[in-house]
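Data first, discussion second: the structure below is written as structure tokens.
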Amino acid sequence: MDYAVNVRPAKSGEESLMNEFWAGVNGDLSMYDYHAYMKLDSDYLMVAADKNDQPVGFGAVSKNTSDTVYLGNFIVREDMRGKGIGRQIWDAMVKRAGDMNIALDSEPDMVEWYMKKGFKYSSFKVTFYNVTLSEEMKKGHTQNCECRDVTEDLWPMLLDYDKQVYPTLDRERILRAWFSVDGVRVVVALRGNQVVGYGSIHKKPNRQYGLRNVFANDETVVETLLMELFNGIPVGYVVRFMKVDDKPMPKYIEHSVDMADSALRMYNKFLIETRTDKMWFASAHII
């Protein structure tokens, strides 16, 4: 018999416990993600509470567009796993999504399970990596384009460029949420008056940073964006990122990376078109 829980909206302060759960499994989520999700959907975080109303698990459903929600990763406290709590969280997440299109990112061993649940559409696949900043990476390198921190006058150009990757989706609301949280830096790459790429990086706990989106015309632009985004990060710190599987590893970082898990973007009702020719580093959290 399943261990009965009450899946309810999160209360203020419980997000810290969620991050403790994720830190225990070396998860990629951090307070940065929590605050970005909250800007998109203040009711996104769900809690599985025991009979004493103490959290034993978490799930997330974020309304990203008018017709699509993103199901975030769900997690159960380590000592409570195998008791059916994850299944109850999943059922509550799907119920909250209702008839909307659901997007999620599946680990490889869960793809078949999600397909049986109706997630028959898939787009890009990413693999998770860590790169440790070295002395060599801090040396001067030739840059082939100008990099500028995003300002309000650059937003229209950034969004026009983003449209080349997500041609059917207006992502302004999504990107402004993820790019306006404290501790994030967004850089736009330009050649003359043309945007040729952009990327973001945010600070995480425990001497870590995280890349979210890095889109670029070609590998030389990616190299320049990485040099700029890594500028100011101390030697020995770790940057976590998710590279699209059909893209080569940039030479700037290829000697300092180690690989972790993979994820496949899946949908249950319709596919959101994604052109990956300019997508290099993606995110398992942003539609």
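Summary of computed values
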read-out: Under 5 Å, built H, 5+ apart or other chain: amide partners of N213; value: S200
read-out: Dipole axis of the chain (+1 Lys, Arg; -1 Asp, Glu on Cβ), positive-most option in N130, I233, L175; value: L175
read-out: Under 20 Å from the Cα of K139 - lysines, other chains or at least 8 residues apart; value: K251
read-out: Pairs beyond 21 Å (Cα-Cα), from K39/K117; K95/K116; K95/K163; value: K39/K117; K95/K163
read-out: Calculated [θ] (222 nm, deg cm²/dmol) that DSSP helices of n ≥ 4 give over the chain, each run adding -39,500 (n - 2.57); value: -6500 deg cm²/dmol
read-out: Crossing angle, helix 219-230 versus the chain [Cα axis fit, 0-90 degrees, rounded to tens]; value: 70 degrees
read-out: Among (1) 58, 49, 30; (2) 53, 43, 34; (3) 62, 39, 34, the entry derived from the coordinates for Cα extents along the principal axes in Å; value: (3)
read-out: Between helix 85-97 and the chain: long-axis angle, C-alpha atoms, 0 to 90°, nearest 10; value: 70 degrees
read-out: Reach of K203 by Cα under 18 Å, taken over aspartates and glutamates that are not fewer than 8 positions away in the same chain; value: E15, E20, D28, D33, D149, D182, E228
read-out: Inter-part distance where the range 1-32 and the range 249-265 are each reduced to a Cα centre, Å; value: 27 Å
read-out: Hits among aspartates and glutamates - C-alpha to C-alpha of K247 under 15 Å, sequence gap 8 or more where chains match; value: D218, E219, E223, D277
read-out: Within the range 83-105: backbone nitrogen closer than 19 Å to the K51 label point (7 Å, Cα to C-beta); value: 83-86, 88
read-out: Centre separation in Å (Cα based) which lies between the range 34-95 and the range 141-206; value: 29 Å
read-out: Residue order, fewest to most beta carbons within 10 Å, for E152, E20; value: E152, E20
read-out: Cα gyration tensor category, rounded, prolate or oblate, for the range 6-99 with a/c compared to 1.5; value: oblate
read-out: With Cα atoms, 0 to 90° folded angle of helix 31-40 axis to the chain main axis; value: 80 degrees
read-out: Packing-based exposure ordering (other Cβ within 10 Å, fewest first) of V187, V25; value: V25, V187
read-out: Among G197, G86, G118, residue whose mean-square fluctuation peaks in a GNM of the chain (springs only between Cα atoms under 10 Å); value: G118
read-out: Potential extension, R191-L17 segment - 0.36 nm per residue separation minus Cα distance; value: 58.2 nm
read-out: Relative contact order of the chain, defined on C-alpha pairs under 8 angstrom at six or more residues apart (%); value: 24 percent
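Read-outs: derived from the displayed coordinates by stated rules, not from any lab. No experiment lies behind these values; they were computed from the predicted model shown. Because the Cβ atoms are built from the backbone with ideal geometry, glycine has one as well, and the counts that use them run over all protein chains shown.
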